[in-house]
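Chemist: My questions will all concern the structure given below.
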Amino acid sequence: MTFTGIYELETQENYVEFLEAIDLLKAKTDGKVITEIQQDGNNFTWTQKSTNHTWPNTFTVGQECELATMTGVKFKAPVIMENGQLKIQFPMYHLTAEMVDDKLVLICATPGEKGVTLKRVFRRL
């Protein structure tokens, strides 16, 4: 299934706890969150927008890509597609994204025994 589409945040679990775990509580937003994805084969443009912030990334599955964190810090990581799931290791957490019943499901997990897992579900607009 293609990821292409525009999605609005519908539900989330452990949002504040996740931001605390990665020391980004100051980035907390209570407004609308929109994710726009353009997929052309293995090439993706992925943009997340909130009330006062836009966070774009462009990447190719199967390659090491230069990406940016939500604070704009650049890093390089391979982007993997496995069983329909996109997987990216960000500096402070691991991201898994997949389509489930026409919804975009993002799982962000911090490492370790006291790791925190953020789950966000976006509905297609």
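Chemist: In 5 Å bins starting at 0, how do the alpha-carbon pair distances of region 65-123 split up by percent?
Modeler: Values per bin, smallest distances first: 4, 18, 23, 26, 20, 8, 1.
Chemist: Related question: Using θ = phi - 60° and the Karplus form 6.51 cos²θ - 1.76 cosθ + 1.60, what ³J(HN,Hα) does each residue of region 35-43 get, whole Hz, x for Gly and Pro?
Modeler: Rounded to whole hertz, the list is 10, 10, 10, 10, 10, 10, x, 8, 9.
Chemist: Leaving out ligands, DNA and RNA, what percent of the accessible area of region 1-68 is carbon and sulfur, probe 1.4 Å?
Modeler: Working: 1770 of 3950 Å².
Answer for region 1-68: carbon and sulfur cover 45 percent of the accessible area.
Chemist: Express in whole angstrom the spacing between the alpha-carbon centres of region 87-124 and region 22-75.
Modeler: With region 87-124 and region 22-75 each reduced to a Cα centre, they are spaced 13 Å.
Chemist: Among the aspartates and glutamates, which fall within straight-line cross-link reach of residue 114, defined as a Cα-Cα distance under 17 Å, with same-chain neighbours fewer than 8 residues apart omitted?
Modeler: Straight-line reach from residue 114, under 17 Å: 13, 17, 20, 23.
Chemist: Here's another thing I want to ask about it. Under the √(5λ) rule applied to the eigenvalues of the Cα gyration tensor, what semi-axes describe the equivalent ellipsoid of the chain? Give them in Å, descending. Could the numbers behind the result be given before it?
Modeler: Numbers: eigenvalues 83, 61, 43 Å².
Values for the chain, descending: 20, 18, 15 Å.
Chemist: While we're looking at this one, here's another question. Which three extents, in whole angstrom, do the alpha-carbon atoms of region 1-67 cover along their principal axes, largest first?
Modeler: 34, 24, 21
Chemist: Using only Cα atoms, what is the ratio of the radius of gyration of region 32-98 to 2.2 N^0.38 Å?
Modeler: Values: Rg = 11.7 Å, N = 67, 2.2 N^0.38 = 10.9 Å.
In units of the globular-protein estimate, region 32-98 measures up at 1.07.
Chemist: Which order do peptides 103-109, 42-48 fall in by mean Cβ count within 10 Å, highest first?
Modeler: Numbers: 103-109: 18.1, 42-48: 16.1.
Highest to lowest by the protection proxy: 103-109, 42-48.
The values are calculated or read from the model by the stated rules, or taken from the named source; none is laboratory data. It should be emphasised that the depicted structure is a prediction, and the values quoted were computed from it without experimental measurement. Every residue, glycine among them, receives a Cβ derived from its backbone with ideal geometry; neighbour counts consider all protein chains shown. To get the accessible areas, we keep the full protein, side chains included, count just its heavy atoms, and leave off ligands, DNA and RNA. Shrake-Rupley method; radii C 1.70, N 1.55, O 1.52, S 1.80 Å.
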